[in-house]
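Written out below as structure tokens is the structure these notes cover.
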Amino acid sequence: MDGEVVAVNQEVLDDPSLVNQDPYVRGWIVRLQVAEPSQLDALLDAEQYDQTTS
């Protein structure tokens, strides 16, 4: 994934447990401005990830 980090979640730096406790709301790490949106097509959604890892 190519892009530019546009934000860092200071709350996670102060309390890393948020990554596991609330990953989709408060536990994000960085916000990325994607340079090439077509790269997103190669990412797995949650269901695909579960199938791959189970």
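Bear in mind that the values in this text are calculations on the coordinates, not laboratory data. Every value quoted in this text rests on a predicted model; they were computed, and no experiment measured them. Every residue, glycine as well, gets a Cβ built from its backbone with ideal geometry; the counts of neighbours run over all protein chains shown.
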>> Kindly evaluate L13 against the criterion of being surrounded by 10 or more Cβ atoms within 10 Å (Cβ to Cβ) and in contact with a helix residue (DSSP H, G or I) (Cβ under 7 Å, 6 or more places away or on another chain).
In response: no
> How many residues are part of a strand (DSSP E or B) and either in contact with a Lys or Arg (Cβ under 6 Å, 6 or more places away or on another chain) or not aliphatic (A, V, I, L, M) (or both) when one looks only at segment 20-32?
Replying inline: 1
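Taking only segment 1-19 into account, find how many residues are part of a helix (DSSP H, G or I) and of a type in the set (S, T, N, Q). Break it down into steps so the answer makes sense when it comes.
Initial filter on segment 1-19 (part of a helix (DSSP H, G or I)): 10-14, 18-19.
If we keep only those that are of a type in the set (S, T, N, Q) as well, we get 10.
Looking only at that region, the number is 1.
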> How many residues are surrounded by 10 or more Cβ atoms within 10 Å (Cβ to Cβ) and either of a type in the set (S, T, N, Q) or assigned to a helix (DSSP H, G or I) (or both) when one looks only at segment 34-50?
Replying inline: 4
